[in-house]
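Written out below as structure tokens is the structure these notes cover.
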Ligand code: NDP
């Protein structure tokens, strides 16, 4: 039996090349659940794994795709049987394990979650790791006391995957959402998702000059990191929290400790990859409840396996808007 997969290979000079190929099922990795993949998606990390690897991919040829949703074909795991609809995000699938850019995937049953009630496999991939992580960030802020009456919540990298879903969820929950973006062409899109204020990237891009600025934000979901995150820490209201997700603007944090020790600001780290099962179920239940499907659909672009190499390059340049859903068939 063969299936279609996007294989990335590396040549001796270190360059990578991706192409859609028909390959045998005997090449699948050694998991205990085989899934007929219906949809996958595109995240920032997929851009790395489709191209230079970013140190994430250890062996080639490789099938990227850190997320997938589909139907169980075969299973020796007690929790899953053929016909079950399942979702996978994270666990380093698509990085050190073959991922979702193929019609078949073989993984460990403990990495899967059942498709949440009320979502299709396509919806689940419109959410993907980006949206799942946005929901984890919302939950972390709520666990640290955020409520809509506390004031506006800032979302950085707002027109990207994480940011778009974060804006839609927060607005649906009744928060006043301020969206940081570097692309003026996305302003209407962000307002349609529920942002009530647009903050041009340049307004928060400068490195910290004063460790404390006017107390402005009751919460922040940050996909950018770097100098922007450092700057925002000094704009947080007393006792409020920033959920840090990403590094689209840099991994260094040239920050002062003053916001932490004089304003009691919290910096909450959000990891989606190794997140335990129970948290995953709780987050997916919240997604099914608190992410309006019309908003989700408005941020989706459909793509095929063949489109992925160029889309991967685009996402690394910060040029993808919203979420990409990949129909692998
Ligand atoms: P996207 O590329 O879709 O979104 C990132 C957005 O950040 C861009 O759309 C752009 O938004 C903004 N941006 C890009 N470059 C810069 C820059 N140099 N300075 C400031 N802003 C910039 O990626 P994702 O949403 O998929 O991921 C965002 C980040 O979150 C990535 O770093 C990713 O690795 C990380 N991540 C982490 C996870 C975790 O478990 N912690 C899970 C998922 C993602 P705009 O044009 O609106 O300014």
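The values are calculated or read from the model by the stated rules, or taken from the named source; none is laboratory data. Keep in mind that what you see is a predicted model, and the values were worked out from it rather than measured. All Cβ positions, even for glycine, are placed from backbone atoms using ideal geometry, and neighbour counts span all protein chains on display.
Specify the residue that is surrounded by the fewest Cβ atoms within 10 Å (Cβ to Cβ); the eligible residues are those in region 185-205 that are assigned to a loop (DSSP other than H, G, I, E, B) and without any contact (Cβ under 8 Å) to a residue 60 or more places away in the chain.
At the first step, the residues of region 185-205 found to be assigned to a loop (DSSP other than H, G, I, E, B) are 194-196.
So of that shortlist, the ones also without any contact (Cβ under 8 Å) to a residue 60 or more places away in the chain come out as 195-196.
Working: 195: 27, 196: 14.
Per the stated criteria, the residue is 196.
Of the residues 21, 74, 12, which is free of Cβ contacts under 8 Å to residues at least 60 places away in the same chain, assigned by TED's automatic domain parsing to the domain that holds residue 317 and under 15 Å from residue 308 (Cβ atoms)? Steps first, please.
Details: 74 fails: under 15 Å from residue 308 (Cβ atoms); 12 fails: under 15 Å from residue 308 (Cβ atoms).
It is 21.
Please go through region 222-243 and pick out each residue that is in contact with a strand residue (DSSP E or B) (Cβ under 9 Å, 6 or more places away or on another chain) and within 8 Å of the ligand (Cβ to nearest atom). If you could, list the steps in order and put the result at the bottom.
Within region 222-243, the subset in contact with a strand residue (DSSP E or B) (Cβ under 9 Å, 6 or more places away or on another chain) is 222-225, 228-229, 232-233, 235-237, 239-243.
Those that are in contact with a strand residue (DSSP E or B) (Cβ under 9 Å, 6 or more places away or on another chain) and within 8 Å of the ligand (Cβ to nearest atom): 223, 224, 225, 228.
Filter region 282-307 down to the residues that are touching a strand residue (DSSP E or B) at 6+ places or on another chain (Cβ under 9 Å) and within 14 Å of the ligand (Cβ to nearest atom) and list them by number.
Residues of region 282-307 that are touching a strand residue (DSSP E or B) at 6+ places or on another chain (Cβ under 9 Å), as a first pass: 284, 296, 299-307.
299, 300, 301, 303, listed by residue number.
Collect the residues in region 249-281 that are touching a residue at least 40 places away in the same chain (Cβ under 8 Å), assigned to a helix (DSSP H, G or I), surrounded by 14 or more Cβ atoms within 10 Å (Cβ to Cβ) and away from the ligand (no atom under 16 Å from the Cβ), keeping them in residue-number order.
258, 259, 263
Just to be sure, is residue 208 assigned by TED's automatic domain parsing to the domain that holds residue 230, in contact (Cβ under 8 Å) with a residue 12 or more places away in the chain, in a helix (DSSP H, G or I) and more than 30 Å from residue 70 (Cα to Cα)? Reasoning before the result, please.
Numbers: assigned by TED's automatic domain parsing to the domain that holds residue 230: yes; in contact (Cβ under 8 Å) with a residue 12 or more places away in the chain: yes; in a helix (DSSP H, G or I): no; more than 30 Å from residue 70 (Cα to Cα): yes.
Against the criterion (assigned by TED's automatic domain parsing to the domain that holds residue 230, in contact (Cβ under 8 Å) with a residue 12 or more places away in the chain, in a helix (DSSP H, G or I) and more than 30 Å from residue 70 (Cα to Cα)), residue 208 does not qualify.
Please go through region 211-245 and give me each residue that is touching a helix residue (DSSP H, G or I) at 6+ places or on another chain (Cβ under 6 Å), under 15 Å from residue 156 (Cβ atoms) and part of a loop (DSSP other than H, G, I, E, B), ordered by number.
223, 234, 245
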